[in-house]
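Encoded as structure tokens, the structure appears first; notes follow it.
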Amino acid sequence: MNAPVPMNSHVPVLLDEVVAALDAAPGETHVDGTFGAGGYTRAILSKGVARVFAFDRDPEAIQCGETLAASSGGRLTLVPERFSRMRQALSDRGVEAVDGVTLDIGVSSMQLDRPERGFSFQADGPLDMRMSQDGESAADFLNDAGEGEIADVIFQYGEEPKSRRIARAIVAGRPIESTGQLADIVRKATGHKPGAKKDPATRTFQAIRIHINDELGELVGGLAAAEQVLAPGGRLAVVTFHSLEDRIVKRFLKERSGALPAGSRHLPAANETGPEPTFEAVARPVRAGETEIAANPRARSATLRAARRTSAPSWTSPKRGSPQ
Ligand SMILES: C[S@@+](CC[C@H](N)C(=O)[O-])C[C@H]1O[C@@H](n2cnc3c(N)ncnc32)[C@H](O)[C@@H]1O
């Protein structure tokens, strides 16, 4: 049996900045798309909002949130669902519009720090990496996929220049069952010197995790869903941890606020009625200060982007205002 999940071991990043961007007020309804250990949700509840719908695709995170939900006086609803399905999940619960949506992209410390979840190359564990704990695991992928596909994943999502060499070593080293085994293969393939500053397994692990959980697809879907569910004046706050994700959020907000031509292939498809801006001109990105980074090194790579919804119809929903 797995060890109990240590609740609250995740320190929320850019918490004050996210709370300021969301500007939650009594009586409002908010979505926390990435509940994790509930750091953002607690802060939003403390503003006296009427309801928070907190999503997480990880059943363990949802389970850990049950005590908080029970003590919330009916204000917190936990939703064991991916945030890309936010619109439907809210609609199923009788909610068509909300005042705030926040997304804190990536994995939690509870996921990373528990070797049995298979996210970490620093401790040995089964090669799993599935946030939702279902579907194809990292081991399934690496043991079944062709060398070219593995190399592409490592190159695209890890921005790893030695992706081909690593993929070749992975295929030669099959079957791969543990995080330690994969980390060793990557270190050998890249000629890693023990004691070097950055472990070369970092990029490969990130890449495989992003692929297994379709994290970029989820982000694109989550942004489109947020655009659909936010009421006029509603606030969106998104925290990302690497440039691939931040680029998607940046382009989405630039496009939707009219600062970029519509139609990027990386973004949710626009229908033909656009493009009236769905978000107001976007504020500059916010990054963690030295004090937060010193206390929580994870904050070093975090970027917050926030924006306020206009009253224009969503670009991706034929239901809201489009003649289609
Ligand atoms: C960085 S943590 C969030 C931490 C949270 N803000 C807090 O203060 O505790 C990310 C969480 O989002 C969840 N998650 C990641 N992608 C998701 C998705 N597409 N849909 C729902 N939950 C997701 C992960 O399972 C993880 O628990």
- Task: Within region 278-313, work out how many residues are touching a helix residue (DSSP H, G or I) at 6+ places or on another chain (Cβ under 9 Å), modelled with pLDDT under 95 and assigned to a loop (DSSP other than H, G, I, E, B).
- Result: 2
- Any idea which of Thr77, Thr41, Thr34 is over 27 Å from Ala288 (Cβ atoms) and either in contact with a Ser or Thr (Cβ under 6 Å, 6 or more places away or on another chain) or among the hydroxyl-bearing types (Ser, Thr, Tyr) (or both)? Thr77
- Quick one: in region 80-106, of everything that is over 15 Å from Tyr40 (Cβ atoms) and in a loop (DSSP other than H, G, I, E, B), which residue is farthest from the chain's Cα centre (by Cα)? Gly94
- Conditions (1) modelled with pLDDT of 95 or more; (2) surrounded by 18 or more Cβ atoms within 10 Å (Cβ to Cβ): number failed by Arg93: (2)
- Here the qualifying pairs (Cβ atoms under 7 Å; residues six or more apart or on different chains; first in region 38-49 and among the charged types (D, E, K, R) and part of a loop (DSSP other than H, G, I, E, B); second at pLDDT below 95 and within 7 Å of the ligand (Cβ to nearest atom)) come out as none
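Let's see how each residue does on (1) buried (at least 21 other Cβ atoms within 10 Å of the Cβ); (2) within 25 Å of Asp23 (Cα to Cα); (3) free of Cβ contacts under 8 Å to residues at least 24 places away in the same chain:
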position	(1), (2), (3)
Arg57	yes, no, no
Gln63	no, no, no
Leu68	no, yes, no
Arg75	no, yes, no
Leu103	yes, yes, no
Leu112	no, no, yes
- Evaluate region 129-151: report whether one residue or more is surrounded by 23 or more Cβ atoms within 10 Å (Cβ to Cβ) and closer than 28 Å to Phe53 by Cα. yes
- Message: Within region 132-155, does at least one residue satisfy the condition of being assigned to a strand (DSSP E or B), away from the ligand (no atom under 12 Å from the Cβ), in contact (Cβ under 8 Å) with a residue 60 or more places away in the chain and more than 17 Å from the chain's Cα centre (by Cα)?
- Response: no
- Task: Go through the residues of region 162-171 one by one and say whether even a single one is at pLDDT 95 or above, outside any helix (DSSP H, G or I) and not acidic (Asp, Glu).
- Result: yes
- Item | Count of region 168-224 residues which are hydrophobic (A, V, I, L, M, F, W, C) and in contact with a strand residue (DSSP E or B) (Cβ under 8 Å, 6 or more places away or on another chain) | 2
- Val5 modelled with pLDDT under 95 and more than 10 Å from the ligand (Cβ to nearest atom): yes
- In region 207-255, residue nearest to the ligand (Cβ to nearest atom) [restricted to those that are among the polar types (S, T, N, Q) and out of contact with any Asp or Glu (no Cβ under 9 Å at 6 or more places or on another chain)]: Asn213
- Item | Criterion: crowded, with 17+ Cβ neighbours inside 10 Å, part of a loop (DSSP other than H, G, I, E, B) and among the hydrophobic types (A, V, I, L, M, F, W, C) - qualifying residue of Val19, Val13, Val31, Val52 | Val13
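The values are calculated or read from the model by the stated rules, or taken from the named source; none is laboratory data. Worth saying up front: this structure is predicted, and the values here are computed from it rather than measured. Note: ideal-geometry Cβ built from the backbone for every residue, glycine included; neighbour counts use all protein chains shown.
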